[in-house]
Ligand SMILES: [Zn+2]
Ligand SMILES: [Zn+2]
């Protein structure tokens with residue numbers, strides 16, 4: 001069975017070099033849907049608590065929210081960093097507090113201090129799905145990702161191959177010692 005969670009991300013981007021209006025900087029509210037598949041955990045009668053899927057994903061995905069997403073070769077990138085630098089906000093600001101955990105993968109690098117994500121490829125809905133999968137595939141048993149933004153929507157199906165031990169009392173993933181980080185339940189050695 002599947003557990004499904006959805007959340008919104010507000011971001012600015014552009015399609016650098018694209019022959020259309022999307023080459024101009026503009027913004028969206030994008031909606032990301034994550035579908036996680038596993039057996040039903042008998043203790044709690046859930047695959048996985050949706051609020052926990054959201055929490056795990058949001059720790060990383062928060063980097064895209066109220067952020068600017070630019071391709072690594074976009075000439076706007078040095079120009080914007082120069083403005084942020086002169087304004088004294090490039091390396092953080094006391095009011096910039098909703099920051100995600102920084103990441104650096106093959107497809108994208110997050111700079112939470114200046115709310116910027118630099119991507120290898122153009123950040124289309126397809127590009128976002130690739131980035132999100134790369135960031136979360138080892139943390140969640142993802143079988144489908146859907147991303148919609150304006151008139152654009154994309155989805156991709158995956159084969160889940162992780163084996164995640166879950167707490168029979170609260171349903172969340174046990175840590176590497178077989179202990180529930182929420183309630184302290186310990187998996188009995190079999
Ligand atoms: Zn757009
Ligand atoms: Zn627990």
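Quick note: the coordinates plus some simple rules give every number you see, no bench work behind them. Worth saying up front: this structure is predicted, and the values here are computed from it rather than measured. In this analysis, Cβ positions are derived from the backbone assuming ideal geometry, glycine residues included, and neighbour counts consider all displayed protein chains.
Rundown of residues vs (1) under 24 Å from the mean Cα position of the chain (by Cα); (2) closer than 16 Å to residue 145 by Cβ, yes/no style:
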| site | (1), (2) |
| --- | --- |
| 14 | yes, no |
| 17 | no, no |
| 26 | yes, no |
| 29 | yes, no |
| 32 | yes, yes |
| 46 | yes, no |
| 49 | yes, no |
| 54 | yes, yes |
| 57 | yes, yes |
query = residue 58 passes all but one of (1) away from ligand 2 (no atom under 16 Å from the Cβ); (2) under 19 Å from residue 141 (Cβ atoms); (3) in contact (Cβ under 8 Å) with a residue 40 or more places away in the chain; (4) not in a helix (DSSP H, G or I); which number fails?
reply = (4)
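Return yes or no: is residue 132 more than 16 Å from ligand 1 (Cβ to nearest atom), surrounded by fewer than 14 Cβ atoms within 10 Å (Cβ to Cβ) and under 22 Å from residue 72 (Cβ atoms)?
In short, no.
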note = Listed by range, strands (runs of 3 or more DSSP E) wholly within region 92-190 having at least 2 residues that are under 30 Å from residue 44 (Cβ atoms) and more than 16 Å from ligand 2 (Cβ to nearest atom) are 142-149, 152-157
ask   = Has region 42-52 got at least one residue that is crowded, with 16+ Cβ neighbours inside 10 Å, touching a helix residue (DSSP H, G or I) at 6+ places or on another chain (Cβ under 9 Å) and part of a strand (DSSP E or B)?
value = no
note = If we ask which residues in region 170-182 are under 26 Å from residue 7 (Cα atoms) and out of contact with any strand residue (DSSP E or B) (no Cβ under 9 Å at 6 or more places or on another chain), their number turns out to be 3
